[in-house]
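One structure below.
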Protein chains: 4
Amino acid sequence: MCRWLAYSGSPIPLEDVLYKPDHSLIDQSMHSRMGVETTNADGFGVGWYGGGQVVPARYRSVGPAWSDRNMREIAGHVTSPLFLAHIRASTGTAVQQTNCHPFRHGRWMWVHNGSIREFSKIKRDLILAVDPALFAGIGGETDSEVMLYLALTFGLEDDPPAAVERMVWLVEDVGRRHGIEHPIQMTVGTTDGQSIWAFRYSSEHQSRTLFYSSAVRGLRQLYPDNPVIQRVSDETRLVVSEPLGDLPGVWNEVPESSYGVVQKGDDTLERFRPREP
Amino acid sequence: MCRWLAYSGSPIPLEDVLYKPDHSLIDQSMHSRMGVETTNADGFGVGWYGGGQVVPARYRSVGPAWSDRNMREIAGHVTSPLFLAHIRASTGTAVQQTNCHPFRHGRWMWVHNGSIREFSKIKRDLILAVDPALFAGIGGETDSEVMLYLALTFGLEDDPPAAVERMVWLVEDVGRRHGIEHPIQMTVGTTDGQSIWAFRYSSEHQSRTLFYSSAVRGLRQLYPDNPVIQRVSDETRLVVSEPLGDLPGVWNEVPESSYGVVQKGDDTLERFRPREP
Amino acid sequence: MCRWLAYSGSPIPLEDVLYKPDHSLIDQSMHSRMGVETTNADGFGVGWYGGGQVVPARYRSVGPAWSDRNMREIAGHVTSPLFLAHIRASTGTAVQQTNCHPFRHGRWMWVHNGSIREFSKIKRDLILAVDPALFAGIGGETDSEVMLYLALTFGLEDDPPAAVERMVWLVEDVGRRHGIEHPIQMTVGTTDGQSIWAFRYSSEHQSRTLFYSSAVRGLRQLYPDNPVIQRVSDETRLVVSEPLGDLPGVWNEVPESSYGVVQKGDDTLERFRPREP
Amino acid sequence: MCRWLAYSGSPIPLEDVLYKPDHSLIDQSMHSRMGVETTNADGFGVGWYGGGQVVPARYRSVGPAWSDRNMREIAGHVTSPLFLAHIRASTGTAVQQTNCHPFRHGRWMWVHNGSIREFSKIKRDLILAVDPALFAGIGGETDSEVMLYLALTFGLEDDPPAAVERMVWLVEDVGRRHGIEHPIQMTVGTTDGQSIWAFRYSSEHQSRTLFYSSAVRGLRQLYPDNPVIQRVSDETRLVVSEPLGDLPGVWNEVPESSYGVVQKGDDTLERFRPREP
């Protein structure tokens, strides 16, 4: 169990989203409300775009996010138009930097909440399905990172929804052949620095929660006195494992077995169907 | 807020107390029930006597106890007749090894749950009251460690209850002169490797919880099938911030404003009264 | 023993100074040439100004700088016109974040190479001399941080050279009263985000090395093909514990018992004389 | 590049070997003399047998060994008749606990100095050769750990020399098929808690240094006044990457392409020949 967050919109200091809201992501590291585990203190990470560079910067660390003084400094000084953050609750693998999200490949980043069930039983089969040319990039031991490398193998950089649907098909296929009833449980966020794709799916169709923020235009009318809402651009959007703050009308649930795309122009919401690679 | 534990009795592997019971101290690092804070993940430590050495060994680390693989190894391989363990929830000071309990001075160890209120306001006055010959031994920045050094200044090594009563008197006196209504809140455990002194006191007389285990002799009759209870010696005793396991009749609350002594011969329970140094 | 570096000039990515030169500061963390200790792997830190904020950001960590992946990320993505960096070789105090340089007070930062000799013997007297209103800001246990707080007590924010001269006078006075022959050894860098003051002094007048870079205008003629030198502004200046790179004519030694000021307009170099507060 | 040490003999406090000798292993973490790299500060570990348990205990940590206060405590309080210790200089993989030696499988431990060259190029082929039943045990990302799992696959627990010879054959075969001229460079120590096998081999036949201590009986005559030598049992033996202390006659080089066995009864020294599995 983990919690994650994706922001796209007007450049803001990271702390405006990570620290300042009631029930911020950093608060959730100690007390999440909707998670299976209420404590997400097995490492964390943030990755941000900006400064004219294509490859995002990352800060990942292994302690609880709430007490990390470097994270506090960075969040107060770095401004970005698009970033991902993740707080981790390990399901058994080591608490170490290479197991912390976001995972990164070139300009792409990837965060995951959930798990591949009985991962140790099928890990070998899964990593064998990774493109050998990509294999050396796997740096940690998590199911989440293997999911990214399978998605890359299946074309993440060209067609993210199709690649993720193929990755899930493979995990379910391999898992079921090993007798695992519900092989995958996930919300996933991935981005190339321009758009964000957010997926909600599980083999048992009871997926971890995922929310996206309402269109800023509507929120302006709802909250004429809220300075942040008044200030950010119309295209600003947040995707979160669980809502920040307590403002009615701000958060909409991503439906079961679907995915959304935050992009230039209209955002979209589509059904998610695992498909054979 | 923190949680701590003191064990004295038949030599046992540390894990028998730290990991194996339901609701063990390690479990409490993630989910304590009685604490003001339910998460105690800002470092931890254990100190144990044994191997013919007078000075106890310590292992202290800054991550959450639940994910620390070295702690797991040590607990499974080290056997000791007397040890202290502590899990920390910082009230603001840094998460670093020198702020982790148990604190140590020669053969003595010290653990604390609670706080000196508005400590930063009176820290200077308090450390000025520490014996200059002891001053250089202060290694961290916590109120808990300053309490130990004040107790040492007031004779901890000769008369622990009197020294702790004088320490508390001083903290309350300095605090009140600075306008702090209830300067101290504490349960404290201290030991010289032979006896354990356990204190429960707060300026407002609503102190953090503290429990001691019943005499083993009585527990044997209550739980004829429990192998651990049947195995340990008559003089085995635990003092804990909150009960381990769910066995009725095992745990007794240390009364408000009192202290107990676990020692060779009969254990004792006395009133605690701050006294002028 | 430590190594440090101060940069002021055209905004550049931190990595241009910290990683890219031959014998960069990060290289020096493993292999310094001029240090008493050749390994400076007991923590490190960097503090930078920018982004329209008065208070600088800091990143400090306890491992060796050479293997820190977060430092690498930050250095590649953060651009700044003025920054300090420091790599630490502990003289006995703990390897922990609160002991890592740069130390900070409001807009000010402070780095130190050297030591107060027999510090534990005189620490109590020295911290008693710190302004009680500043006392609570001391977060670590190093001599270097106490030097900063003494300098603040003696007016660092108003007249840095005078404040540092008074601080040194006090340390020497207290030290000699305790029978310490040569109480202080130091190079110090301090900045308010506008100017940098760099001090070289020791009681025995054999101070650790310190160098400043030559005027860029002259360097342009010397190295017409070096892109960095051609690109940076005329007022760009580096102060370093030991030279980066191998370019003849670039580095000038700060003379024994003197200090330099890097500032808008002409930089200056003056004699350093401890003076009674 | 790394340094390692294996001890077998009279039970002694770990510190007698790890800290007390001149040029001890802990000293070598900062200043090794014979290594390609003189600094071995990318993590370390020690594993010891004792206390009636078959599986050894391990302490592994990611900072430099010289400043690790927990290691100091453990070394002063743990006594063992057989232990391995290792200090690491990373050749690129992350500085994290799962990459620290000794690696462990059941009662077996494994330490390695050297590398598989261009490991990232052949890692996939090598881990495919690991017995699928063992695959899930691989916890880190190092070449050294893959070497252990290959040796286990080829029968380490039944015939250690043959298993290691087969492992090396496979690495050389896979490497050469990928165009790597000298695929492997190693000294390896492995133990089941009873005997120690120490290997010295490299594809180019210029292997890293490895030494074993002379028979204690002879050393007693050579050093009649050395208390440690007089005290330890006749069968006490050390194997080290580079000599501890400066005593002439104590250290013998393990010849190129050979291996030694420290065991009950006479120790042996044999030629090492890679052999097809």
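Being touching a strand residue (DSSP E or B) at 6+ places or on another chain (Cβ under 8 Å), at pLDDT below 90, open to solvent by less than 30 Å² (accessible area, probe 1.4 Å) and not basic (Lys, Arg): is that true of D:Ser258 here?
no
Considering each of D:Arg237, D:Arg271 in turn, give the residue that is open to solvent by 20 Å² or more (accessible area, probe 1.4 Å), charged (D, E, K, R) and within 29 Å of D:Val174 (Cβ to Cβ).
D:Arg271
Restricted to region D:129-159, and to residues that are of a type in the set (Asp, Glu) and in a helix (DSSP H, G or I), which residue is nearest to D:Ser202 (Cα to Cα)?
The qualifying residue nearest to D:Ser202 (Cα to Cα) is D:Asp143.
The rows are residues; the columns are (1) in contact with a strand residue (DSSP E or B) (Cβ under 7 Å, 6 or more places away or on another chain); (2) closer than 21 Å to D:Pro277 by Cβ; (3) open to solvent by 40 Å² or more (accessible area, probe 1.4 Å); (4) within 12 Å of chain A (Cβ to nearest Cβ).
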position	(1), (2), (3), (4)
D:Ser115	yes, no, no, no
D:Asp125	no, yes, yes, yes
D:Asp131	no, yes, yes, yes
D:Phe135	no, yes, no, yes
D:Glu145	yes, yes, no, yes
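Is it the case, given these coordinates, that B:Ser120 is open to solvent by 40 Å² or more (accessible area, probe 1.4 Å) and of a type in the set (Gly, Ala, Ser)?
It is true that B:Ser120 is open to solvent by 40 Å² or more (accessible area, probe 1.4 Å) and of a type in the set (Gly, Ala, Ser).
Do we find a residue being closer than 25 Å to A:Glu141 by Cβ, open to solvent by 30 Å² or more (accessible area, probe 1.4 Å) and not charged (D, E, K, R) anywhere in region A:13-35?
no
Taking interchain pairs and intrachain pairs at least six residues apart, which have beta carbon atoms under 8 angstrom, with the first residue in region B:252-275 and touching a residue at least 60 places away in the same chain (Cβ under 8 Å) and the second in a loop (DSSP other than H, G, I, E, B) and open to solvent by 30 Å² or more (accessible area, probe 1.4 Å)?
Matching pairs, first to second residue: B:Gly260/B:Asp267; B:Val261/B:Asp267; B:Gln263/B:Gln194; B:Lys264/B:Gln194; B:Lys264/B:Glu235.
Taking A:His101 as the residue in question, decide whether it is buried (at least 21 other Cβ atoms within 10 Å of the Cβ) and more than 12 Å from chain D (Cβ to nearest Cβ). Write out each step before concluding.
Details: buried (at least 21 other Cβ atoms within 10 Å of the Cβ): yes; more than 12 Å from chain D (Cβ to nearest Cβ): yes.
The answer is yes for A:His101.
Name every residue in region C:27-48 that is more than 15 Å from the chain's Cα centre (by Cα) and either closer than 24 Å to A:Gln53 by Cβ or of a type outside the set (S, T, N, Q) (or both), in order of residue number.
Of everything in region C:27-48, those that are more than 15 Å from the chain's Cα centre (by Cα) and either closer than 24 Å to A:Gln53 by Cβ or of a type outside the set (S, T, N, Q) (or both) turn out to be C:Asp27, C:Met30, C:His31, C:Arg33, C:Met34, C:Val36, C:Glu37, C:Ala41, C:Asp42.
Conditions tested, residue by residue: (1) at pLDDT below 95; (2) out of contact with any Phe, Trp or Tyr (no Cβ under 7 Å at 6 or more places or on another chain).
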position: B:Val17; (1), (2): yes, no
position: B:Arg33; (1), (2): yes, yes
position: B:Val36; (1), (2): yes, yes
position: B:Gly50; (1), (2): yes, yes
position: B:Arg58; (1), (2): no, yes
position: B:Asp68; (1), (2): yes, yes
position: B:Thr91; (1), (2): yes, yes
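What number of residues in region A:147-159 are open to solvent by less than 30 Å² (accessible area, probe 1.4 Å) and farther than 16 Å from A:Arg275 by Cα?
Adding up the residues that qualify gives 2.
Could you go through region D:154-166 and let me know if any residue there is in contact with a strand residue (DSSP E or B) (Cβ under 6 Å, 6 or more places away or on another chain), at pLDDT 95 or above and more than 19 Å from D:Met109 (Cβ to Cβ).
no
Give D:Val174, D:Val111 a once-over and let me know the one that is open to solvent by less than 20 Å² (accessible area, probe 1.4 Å), at pLDDT 95 or above and within 14 Å of another protein chain (Cβ to nearest Cβ).
Details: D:Val111 fails: within 14 Å of another protein chain (Cβ to nearest Cβ).
Only one candidate passes the filter, namely D:Val174.
Return yes when D:Ala162 is among the hydrophobic types (A, V, I, L, M, F, W, C), more than 14 Å from chain A (Cβ to nearest Cβ) and surrounded by fewer than 17 Cβ atoms within 10 Å (Cβ to Cβ) and no when it is not.
It is true that D:Ala162 is among the hydrophobic types (A, V, I, L, M, F, W, C), more than 14 Å from chain A (Cβ to nearest Cβ) and surrounded by fewer than 17 Cβ atoms within 10 Å (Cβ to Cβ).
Quick one: in region D:46-95, which of the residues that are closer than 25 Å to C:Trp66 by Cβ and among the β-branched types (Val, Ile, Thr) is most open to solvent (accessible area, probe 1.4 Å)?
In this case the residue turns out to be D:Thr91.
Inside region B:21-112, counting only strands (runs of 3 or more DSSP E) that do not spill past its ends, which hold 2 or more residues that are hydrophobic (A, V, I, L, M, F, W, C) and free of Cβ contacts under 8 Å to residues at least 60 places away in the same chain? Walk me through it before giving the result.
Numbers: elements: B:44-50, B:53-61, B:79-88, B:103-105.
Passing ranges, in order: B:44-50, B:53-61.
Answer with yes or no whether B:Arg58 is within 14 Å of chain D (Cβ to nearest Cβ), over 30 Å from B:His205 (Cα atoms), of a type in the set (Lys, Arg) and out of contact with any strand residue (DSSP E or B) (no Cβ under 9 Å at 6 or more places or on another chain).
When the stated conditions are applied, B:Arg58 does not pass them.
Check D:Arg33 against each of (1) more than 22 Å from D:Arg208 (Cα to Cα); (2) more than 14 Å from chain B (Cβ to nearest Cβ) and name the one condition it does not meet.
It is condition (1) that D:Arg33 fails.
Could you go through region A:2-12 and let me know if any residue there is at the interface with chain C (Cβ under 10 Å from one of its Cβ atoms), surrounded by 24 or more Cβ atoms within 10 Å (Cβ to Cβ) and not charged (D, E, K, R).
Checking region A:2-12: not a single residue is at the interface with chain C (Cβ under 10 Å from one of its Cβ atoms), surrounded by 24 or more Cβ atoms within 10 Å (Cβ to Cβ) and not charged (D, E, K, R).
Mind telling me which of the residues C:Ala41, C:Ala65 ends up being more than 10 Å from every other protein chain (Cβ to nearest Cβ) and in contact with a Gly (Cβ under 9 Å, 6 or more places away or on another chain)?
Being more than 10 Å from every other protein chain (Cβ to nearest Cβ) and in contact with a Gly (Cβ under 9 Å, 6 or more places away or on another chain) holds for just one of C:Ala41, C:Ala65, which is C:Ala65.
The values are calculated or read from the model by the stated rules, or taken from the named source; none is laboratory data. Note that the structure is predicted; figures quoted are calculated from it, not measured. Glycine also receives a Cβ, built like all others from the backbone with ideal geometry; neighbour counts cover every protein chain displayed. Keep in mind that these areas ignore ligands, DNA and RNA; they rest on the heavy atoms of the full protein, side chains included. Shrake-Rupley method; radii C 1.70, N 1.55, O 1.52, S 1.80 Å.
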